1. Once you've got the Cα coordinates, tell me which of LYS90/LYS199; LYS37/LYS96; LYS123/LYS220 are over 29 Å apart.
2. Check ALA194: other-chain or 5+ apart residues with amide H under 5 Å from its amide H, H built from backbone geometry?
3. Using +1 on the beta carbon of Lys and Arg, -1 on that of Asp and Glu, and nothing else charged, what's the dipole of the stretch 155-219 about the Cα centre, debye to 20?
4. What does the highest-first list of 203-215, 153-165 look like by mean Cβ count within 10 Å?
5. How high is the relative contact order of the stretch 34-283, given as a whole-number percent (alpha carbon pairs under 8 Å, six or more residues apart)?
6. What distance in nm lies between label points placed 7 Å from Cα along the C-beta direction at ARG260 and GLU150?
7. Mind running the shape call on the stretch 124-247? Use the C-alpha gyration tensor, a ≥ b ≥ c as the square roots of the eigenvalues: rounded below 1.5 for a/c, prolate if a/b tops b/c, oblate otherwise.
8. Could you tell me the calculated FRET efficiency between ALA85 and MET232, based on Cβ-Cβ distance and R0 = 45 angstrom, to the nearest 0.05?
Amino acid sequence: MLRHALIALSHSETMRRMTSDFPPARRMARRFVAGEKREDALTVIQQLNAMGALVTLDYLGEHVTDKSLARTSAREYEAVLGEIAARGLKSGVSLKLSAMGLHIDEAFCYQNVRKVVAVAAQKERFVRIDIEESALVDITIEIYRRLREEFDNVGMALQAYLHRTRDDLQSLIDDGVADIRLVKGAYDEPPEIAWQDRKKIQQEMIALAKMMLSPDARAKGARMALGSHDDMIYNEVIACANEQGVDPQHWEIQFLYGIRRDELKRLLSDGIRMRVYVPYGGSWYPYFMRRLAERPANLLFFLRAAAGK
């Protein structure tokens, strides 16, 4: 119930205004968000690279309904890709289609995203298309497939809790375009289309990862990024990759910025290829609320900070 309530609040404009102006919330958000400015994010990338971690940078924003805001997001991505390349940082970018104008016009959104992917290709950087609520999955896959006809420096994410994901993944593998970040899923979806049980979602994550690591999938060019902080999941996937003799450089585990920092260091010391998803920007509220919804400990930490304890 608490998770559902927090996810619902992530869409509230009133709560966004109240939380954005609340100093404890802004301080707590900095645990999960690099900062509001580009330079904040670039500094964090440099720090993570120095630890041995790769980065995916996300300029926060979603559900944009103003073309000027969508264009601003695209220009920010183009600018930060230039900075990343100029500084020699080991980072790509991740973006949401709804921030690039998907709710305004699909053709407009595609052109925005294509510009970013083209700039990234020139800079030899990678673009990950994030996955959003279930209503946007079909169009996300459609736009991704279209981009893959022209570019190979682009991938997408899929959510393990959706019933449809096994079929979606198999189709992408069969067509040789499965460069996929597997995630649990952070949106509030009904049981008719999404698994609700934590153990079942763990099983799905592991099964999907094993699909990606299979010899047949790898022969078709499949590349996997496992977006999970659950050691039960990634320990089994690491064991599978070792049994299959998968080159450690051909797959990776991805953590979110600010979560399980000590474990990140441990996995790096074990020679695991690690990437950290680093968000930045002023539109941090929805992302922050989803992080609170994922773990009660995050919410407790926030409430203590709000109480000054």
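1. Going by Cα-Cα distance, LYS90/LYS199 fall outside the 29 Å limit.
2. Those qualifying (amide H under 5 Å, at least 5 residues apart or on another chain) are HIS163.
3. Working: 9 positive and 11 negative charges, 74 e Å.
Taking the Cα centre of the stretch 155-219 as origin, the dipole is about 360 debye.
4. The densest-packed peptide leads the list: 153-165, 203-215.
5. Once divided by the residue count of the stretch 34-283, the mean separation gives 23 percent.
6. 3.7 nm
7. oblate
8. Once the sixth-power term is evaluated, E becomes 0.75.
Every number in this text was worked out from the coordinates using simple rules, so none of it is lab data. Predicted model only: the values in this text are computed from it and were never measured. Using ideal geometry, Cβ is built from the backbone for each residue, glycine included, and neighbour counts are taken over all protein chains shown.
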